[in-house]
Every structure is written in C-alpha cells, then in structure tokens.
Amino acid sequence: MKDRANNNHIGLFLGLLALSAALRIYRINQGLWYDELFACLVFLPMSFKQIISSAPYPNNHILYTMLAKISEYFFGPHEWAFRLPSLLLGGMTAPLFFLFARKKCGDFIAFVSGVFLAVNYWQVSFGQDARGYAGLILFSMLSQIFYLDWLEGRERKKLPWYFLFSVLGCYFHLYFTFVLAGQFLFGFWKRFSTGGKATVWSFLVPLIALAASLSLYLPVSSQLFEYVDIRGHRLDNQWLDAAFVKNCAALFSGSHLFWPGVLLSLVSCAGAYRVLKNWPGIFWTYLISMTLVIAFTWGFHVFIFARFVSFAMPLYCLCLGAGIEVTAGTASRAVPFLRKKILLAVLSLAILLVMSLSLARYHRLGKQGFKDAAAYIEKNHSGKTVLSYGNSAIEFTYYYGEAIPVRLDGILKPMDVTGNLVVAAFPASWTRHNMSVLDEHCLPEKIWPSALGEGLEVYLFSCH
C-alpha cells in the first residue's frame, strides 16, 4: 500500500510537470514585450562584469540576465532562448509545490493548488518571460519551505539548501529581500511568543541570509539609492490604488475577468483559515512579506506593479485549494444528499475552466504585438517609411530595424508623418501635441491588444 501511495505521488508530480512544461512551451517564441526588449537591447550585450555592476533601471534582474546571456550564446538570439531559464524555473514550480504542500495540507489540496499554479495565465506568462519573476516565485517558495522546516525540526542539513535558495532568489529579483525580511520578523515573533522555546537563531538565520543576499548588490548599491531618491516615484500612475487591487486579483486568481476573479478570491479567503491551521508558518511568512512590499512602496513613494508581489502566488493557490475543500464540506453537511467528492470535483473543474479561459486568451493575444506589427508591415507596407513613437521607440527597432525612433520628448510634425506609418505603444505616455498630430493626420489601421493588460496595446497609424 505504501509503495502504491508513493507511485501515486510520483505520477501526480510527473503529470503536473508535463502540464506546466507544455503550457509554457506553447507559443514560447511569441514576440518579446517592452521589458524583455529593454533588457535584451541594454543589458544582454554587456559583459558579465558589466551586468553585475549595472542597475541604472530596475529592469536588470542580474542572475536572469546572466543566464539569458549564456542561453543566447549556445542557442542564438531567439525568443525561446532568452526565455529558456524562465521556462525551466516556471515549469518546476507547480510540481515541487505539490510535493511539499501535500505533507502539510494533504494530497487533494496540494494537487489542485499545483494545477492552479500550472494553469494560472500570469504564472504561465512569467514562465515565458525573459525576466526574473519565475525565479522569484520558485526560490521564494523553496526558501520559505526550507526555513520553516528547519525552524520546526532544527535539522542542520536544511540550512545549506535554505541559504542557497535564498541567495539565488534574491539575485533573480531584488524584491526577494522582502521575503527574507518577512522570515526575520516571523522568527523574531516566534522567539518572543513561545517563552524562549525558539532560540535567537530563529531570526538570526534569515538575517544572515538577507545580509549575504544584499552583499551581491554592493556593486550597484549607489545606483539603487539614486533610483529610489530620483527615479522611483510614480510611474504611469502605478500606485497603491483600486487599479492595483484589481490587477492583484487578476494576477493571483488567474482570471482577467473581474467578477470571476473576485469569486475565486472569496473561495481563497474561505480556505485561508484551513491553511493557517495546517501550515501557519507558510501563511504568516508570505503575508508579512507582502505587507512589507506594500509598506515600502507607500513609505518611499515608489511605483508598484502587481507582479512585485507575485512571489505569494503559491500561498493564494494553496488557500484556493483549501477553500474548495472547505466549501464542499460545508455544502455537503448543510445539504445531506450532496456528495462531498462530487462537489470537490465540480468546484475544481469550474475554477479550472475560469482559469483556462484566461489562459487561452493569453496564448491567443500574447504579451505585446511588436513582432506581429513588424511582420504585418513587411507583408503589407514593405519599403514604406515607419516612425516608432513613444516609450517603445527604440524597442520596436529590434523587430523592424528600418523604423525611425521618435522618443517621448520628440515632437511629431505633420510633414514628418504625412504618407508614412507610425507604430506607437503605451498611449498613456503620449504627449498632447503628438496625439493631436496623430488624430488630425493619421488613421489607426490596426491594433494589437495584449493579454497582460490595458496600456500594452501596439497601434499602427497610417498617415495621409
């Protein structure tokens, strides 16, 4: 019986691994979006020495940039090559989470949580992103788990793995420091809330990991301070407001539709108590870390995107899986003729359907349409003058080298656009003057929407 149970776990692990890999391999060669293009144009051409000492913008996820550079060296300048490290890291997240979560929350909750992690379109997107978010999510999960396992059992053999995962995670994304700071506060609380049963190492261990991780950023420390002081203020209204909450709901629930996302979040809230009861450490460390990110954003007046708290996606999915079990159990007790197992299956499939609709939309629309716009122009307007305007002025030239970049502070004149094409993105950043020129002298010929949210659309204007 024990061998059969182990085989079942191995089978579920392999099934999650196959599902995760397949969803991230599909369309991995889609066009790069702005942040990926920026990193490819600015940081990948640098030497390794320059990469580890360059952070004039937050786009350089240092360890990921180095891995992408190695991948490009072996496989060439292909979209899939730039994204290969994320594919491997993102593909492993769901099956590994299942293996660890089942020990605390049972097979059902762990497995459906892993399925939701595998299918969540934002999680898939991070696994197809030439950025450090897949590493942030995976290694924050492993760091949390190994820290809590060590805290519970005091097994010294867990510590080397904890330090390794912590340092790697922080070098993928600097916001990993909030994960380690959350562990420090949790360990500090454990030390003084248990009457001294927990030693000072409960908070000294994550403090040491935090110091070791931050030491990697010493070569860019002055640039980071300058960024917070000067460049880190509100960017395109990405602030702590209702839009941020809405984007977080989409990120965690894996649904681009507002009300389905709200319903999934309510189910997740229903399961929070079960997770808190079965695995309190994972609940509090993630919650404290998220709170620290938001507090930092508010205190230093820096901009925030929902993806900055993406490291907590495993906790959300775990609560969602627990919420299904709680909801099914409550309903079966209230209405005796309802079978709990049937309710579990129905609720799980309903949530999976909601997530799958958004995932299908993501695969259909893609991240951002620069590559598609370049192919469309080559096919339908070959040889015509093309102006690339806005935040993406330089980035579009990656796919269409003949485009003439016009920066945000550049002034479009009627004589410049007459008879030409204009490719533009991020309409919120367009100046009033240039918008009036486009309105008066150009017509939108085609728009490529983005599955990642409003504002990432790519516009093609045909000017007369």
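The values are calculated or read from the model by the stated rules, or taken from the named source; none is laboratory data. Because the structure is predicted, anything quoted here is derived from the model rather than measured. Positions of Cβ are backbone-derived with ideal geometry, glycine not excepted, and every protein chain shown enters the neighbour counts.
Applying a threshold of 7 Å to beta carbon distances and a minimum spacing of six or more residues, or different chains, the list of pairs starting in the stretch 281-309 at a residue that is on the phi > 0 side of the Ramachandran plot and ending at one that is at pLDDT below 90 reads His301/His233.
Between Ala118, Ala134, Ala130, which is under 29 Å from Phe38 (Cα atoms), assigned to a loop (DSSP other than H, G, I, E, B) and of a type in the set (A, V, I, L, M, F, W, C)? So that I can check it myself, show each step before the final result.
Details: Ala118 fails: assigned to a loop (DSSP other than H, G, I, E, B); Ala134 fails: assigned to a loop (DSSP other than H, G, I, E, B).
Just a single option satisfies the conditions, and that option is Ala130.
If the condition is being touching an Asp or Glu at 6+ places or on another chain (Cβ under 9 Å) and among the charged types (D, E, K, R), then the stretch 70-99 contributes Glu79, Arg83.
Do we have Leu264 as surrounded by fewer than 19 Cβ atoms within 10 Å (Cβ to Cβ) and within 23 Å of the chain's Cα centre (by Cα) here? Quick ask: steps written out before the conclusion?
Numbers: surrounded by fewer than 19 Cβ atoms within 10 Å (Cβ to Cβ): no; within 23 Å of the chain's Cα centre (by Cα): yes.
No: the conditions fail for Leu264.
Does Lys69 fit the bill of being part of a helix (DSSP H, G or I) and at pLDDT below 95?
Working: part of a helix (DSSP H, G or I): yes; at pLDDT below 95: no.
For Lys69, the condition - part of a helix (DSSP H, G or I) and at pLDDT below 95 - is not met.
Taking Leu315, is it closer than 21 Å to Thr93 by Cα and assigned by TED's automatic domain parsing to the domain that holds Ile282?
Values: closer than 21 Å to Thr93 by Cα: yes; assigned by TED's automatic domain parsing to the domain that holds Ile282: yes.
Considered against the rule, which asks whether it is closer than 21 Å to Thr93 by Cα and assigned by TED's automatic domain parsing to the domain that holds Ile282, Leu315 comes out as yes.
Look at the stretch 209-231: where a residue is under 15 Å from Thr297 (Cα atoms) and among the aliphatic types (A, V, I, L, M) and a partner is modelled with pLDDT of 70 or more and surrounded by fewer than 12 Cβ atoms within 10 Å (Cβ to Cβ), sitting 6+ places away or on another chain with Cβ atoms under 7 Å, you get Val228/Phe300. With respect to Ser140, is the statement that it is touching a Phe, Trp or Tyr at 6+ places or on another chain (Cβ under 7 Å), assigned to a helix (DSSP H, G or I) and either surrounded by 21 or more Cβ atoms within 10 Å (Cβ to Cβ) or of a type outside the set (A, V, I, L, M, F, W, C) (or both) true? Answer is yes for this residue. Among the criteria (1) free of Cβ contacts under 8 Å to residues at least 40 places away in the same chain; (2) outside any loop (DSSP other than H, G, I, E, B), the one Leu460 does not fulfil is (1).
No other residue among Leu349, Leu338, Leu344, Leu353 is over 20 Å from the mean Cα position of the chain (by Cα), assigned by TED's automatic domain parsing to the domain that holds Ala22 and outside any helix (DSSP H, G or I) apart from Leu338. The test for being more than 20 Å from Phe244 (Cβ to Cβ), modelled with pLDDT of 95 or more and within 21 Å of the chain's Cα centre (by Cα) holds for Ile282. When the test is whether a residue is in contact with a Gly (Cβ under 9 Å, 6 or more places away or on another chain) and surrounded by fewer than 24 Cβ atoms within 10 Å (Cβ to Cβ), Phe108 passes it.
Scoring Gly383 on the criteria (1) modelled with pLDDT under 95; (2) surrounded by 14 or more Cβ atoms within 10 Å (Cβ to Cβ); (3) of a type in the set (Gly, Ala, Ser) leaves a single failure, condition (2).
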